Each structure stands twice: as C-alpha cells, then as structure tokens.
Amino acid sequence: MKIGITCYPTYGGSGVVATELGIELAARNHEVHFISYAMPIRLDGASERIRFHEVEVTTYPLFDHPPYALALATKMAEVAEQASLDLLHVHYAIPHSVSALLARMMMAPKRLPFITTLHGTDITLVGSDRSYLPITRFSIEQSDGVTAISKYLRDRTVKEFEIKRPIEVIPNFVNCELYKRIENPAARAKWAPNGEPILMHLSNFRPVKRVLDVVEIFALVREKISAKLVMIGDGPDRGAAEHLARKKGLSRDIMFLGKQDRVYEQLSLADLFLLPSELESFGLAALEAMACEVPVVATNVGGLPEVVTHGVDGYLVEPHDVAGAAKYALEILTRPDRGRAMGEMARASANSKYCSNDIIPLYERYYEKVLSGAGSTASA
Ligand code: GMT
C-alpha cells in the first residue's frame, strides 16, 4: 500500500506512535509518505521506502496565525496525486483530520480515503473546548475510518462528542526487540555511583504530566533511602521542576537529561518509572518502560489501568496522591526481589499485548477494511 501519514513532528506520544508506525509499515514493504511541517523525531532516514514531504506555511503580514491546516491540505492532495497514495492516516484530530477532509474533496473524483487516529488531548482537552468541538466532531464523523488508542478514549469520544459511527480500538505498541532490558552496570554507575536505585520519568513536561509531583514523590522517597531520579524530556514545566529540585536540596540526586533519541537505552537502567499524570489516554512512556522490565507507579486515570495492572506490574494511585505514590515506590525499591518480579511481569504484559509485531497487522487489516469501503460500519 501507499500510505500518507500526518502527525505532529515534535516530542509527544502521538508523533512517536505515528513515526514508529510508519517505520514498521515500511519494514513490511509499504510505501510511506510523511507529510508535516518538520521531520518527525525518531525518523532519521529509517528506510528507503519512507519519504518526508515538508509543509511550507507562507506567512503574510495580514496573518496573525498562518493557516497551516490549509497548507497541509494542499500538500496532502499534491503528495496523493504524485505518489498515487491509497489513503491518508492522520494522527491527532486537530487540525489534521480537517486538512485530510479537504484533501479528499480536492482529489475527487479520485478516491482518497482518510483514517483519523485519536490520541488523547485532541479529545480530552483541546477537542472538547467549545471552539474546536463542532469541527472535531464533524471531521471524526466524516473520516473513512477512526481508531482510538485505548478503550477509555473510544468510550469518552463516543460519549462526549455523541459519535454514532464505529471507532476501532488499536492500542499503542512498542518494538519489543528494541525495547528490552539490557543490563549496563557502567552506565548505571554514572548516575548512581553507590548502587542507589534509579527512578525515572519521561514526558513532554506539559502540565497534564504533573512533573512537580514526580519531584515531590522522589523527595519523599529520598527522605527514607538514597536514590536517584532521572528526568527525560522537555517542555513548559521543566523550569519549575528544576527549581523545585533545587529548593528541596535535591539537585545532586535529580538529573534532567532533556530530549533523548534512544530512550530504550535509558529506560533499561531504571528500577522504577513514575507517571503521576492528571490524565493519560494510554501512557505510551509507561508501556516503553514496562517493555524494559521497569515496574510503574502511575495514576489510576484514563487508559492507564488498561496498561498497568495494580499490584502485578506496578501500582496505581489517584492523581495528586504524592504520599501514596511514594509509599508504593518505597515498597518496590526497598524490596529489589519484588521490584524485579514486577518488572518481569511488566515485560510479560508488554510482550503479550503490545508488541509492534502484533499491533501493526491490526492497522494493515483496518486499512484494507477502509479501502474496501467498510470503515464506517461496525465490526462483525
Ligand atoms: O500528552 C502527551 O504525551 C502528548 C499526547 C500527544 O498526542 O502527543 O499524548 C497522547 O497520545 C499518546 C500516544 O498515543 C498517549 O500515550 C498519551 O497518553 C496521550 N496523552 C494524554 O492523554 C494526556
């Protein structure tokens, strides 16, 4: 198949999923065309069957806000024509599904179906804002196929947007051959020279991730035991988190690495992963940690209970419950045997439910279904 993929190319779960999907599809002999304003992170010349098409947004003094959605629609139609695309697959509804809808109309009478994958904040935060809700609902209804990355997100979309059409749940995935535990004592020793346990967090440091809670949880852990915290990623709350770390006298114990390319190398070094988000439609970072045999302490929100099983491969607490999270963190870190056993369960869960080898064929089958014209009808 010839597939056009559009996503946000920046540091964030939906862009990562879209990029990894494109790489996996190319490895399965599909031709993949990424259409976005910049080369997606993690897409570094991955395959000769992958092309990148940059959307250039012309500005003009009249435009306070250059109309990216229109430039994107134009580029989608152009690429579809030149590369004879079979379909477009857009990640994150706003504004990508609207651009795809325009591109489909521009291509008529040639057929250019499009699939929208919902990732989370496109529904729960941005999409539910009154200024975007009607057009988000319209573009979902108009899509030739719609997928959501968790049951939670599908159900919430159907309820809040009063969607009548079927939405297929295709969960996020991880490359289980790449994301696996590789012991590296020398690398560990750089962060934890005295064999301290290592806690880790990875996100885009947006308010929804509650990175200050990560620091607070660590501070409570640190009151009881020696430990180190590694923070991976960057975003609006990084400065506040660094400030809090300094205020608590923990600068030597907390390392802020910023954005990293091969996060599996770091995740493999962790003893515990913290994800105390206010909301998480799936929690891809938690899954990536689990694949590396790292147990997770996360919040009992959104799609996270579909990923983390409380008491088996991690623990779930209510949002803002810093003390509860610290208690569970200590339970894991002070009993390394328990931590390792939970880590192995985490890997087993990732392996059995979320490996790319099992999930990518679900996308391929869904593409075929949409191409056959059956994407808007319920599965048998
Ligand atoms: O919050 C983020 O990490 C960004 C956001 C995105 O769209 O880039 O992430 C959403 O999509 C990820 C990939 O499907 C999910 O793993 C995240 O749970 C989801 N974020 C939220 O729901 C807050």
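The values are calculated or read from the model by the stated rules, or taken from the named source; none is laboratory data. Remember, it's a predicted structure, so these values are computed and weren't measured experimentally. Here the Cβ positions follow ideal geometry from the backbone for every residue, glycine too, while neighbour counts run over all protein chains shown. The protein model used for the area step is the full one, side chains on, heavy atoms only, and it has no ligands, DNA or RNA in it. Shrake-Rupley method; radii C 1.70, N 1.55, O 1.52, S 1.80 Å.
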* **Members of region 351-375 found to be hydroxyl-bearing (Ser, Thr, Tyr), crowded, with 17+ Cβ neighbours inside 10 Å and not in a helix (DSSP H, G or I), listed by number** => 354
* When you look at residue 46, is it at pLDDT 90 or above and either open to solvent by less than 20 Å² (accessible area, probe 1.4 Å) or of a type outside the set (S, T, N, Q) (or both), yes or no? -> no
* Determine if region 56-73 includes at least one residue that is touching a strand residue (DSSP E or B) at 6+ places or on another chain (Cβ under 6 Å), in the same structural domain as residue 35 (by TED's automatic domain parsing) and open to solvent by 80 Å² or more (accessible area, probe 1.4 Å). => no
* Structure fact -> Going through region 93-121 in order, the residues found to be open to solvent by 20 Å² or more (accessible area, probe 1.4 Å) and within 18 Å of residue 12 (Cβ to Cβ) are 94, 95, 119, 121
* Selected residue (only one of 137, 130 is over 23 Å from the mean Cα position of the chain (by Cα) and either within 30 Å of residue 340 (Cβ to Cβ) or more than 16 Å from the ligand (Cβ to nearest atom) (or both)) -> 130
* Unmet criterion (only one of (1) over 17 Å from the mean Cα position of the chain (by Cα); (2) away from the ligand (no atom under 15 Å from the Cβ)) for residue 23 -> (1)
* Asked: Of everything in region 259-268 that's open to solvent by less than 10 Å² (accessible area, probe 1.4 Å) and more than 15 Å from the chain's Cα centre (by Cα), which residue is nearest to the ligand (Cβ to nearest atom)?
  -> 267
* Asked: Looking only at region 239-258, which residues are surrounded by fewer than 14 Cβ atoms within 10 Å (Cβ to Cβ) and of a type in the set (Phe, Trp, Tyr)?
  -> none
* Within region 269-302, which residues are over 17 Å from residue 16 (Cβ atoms) and within 15 Å of the ligand (Cβ to nearest atom)? -> 274, 276, 278, 279, 296, 298, 299, 300, 301, 302
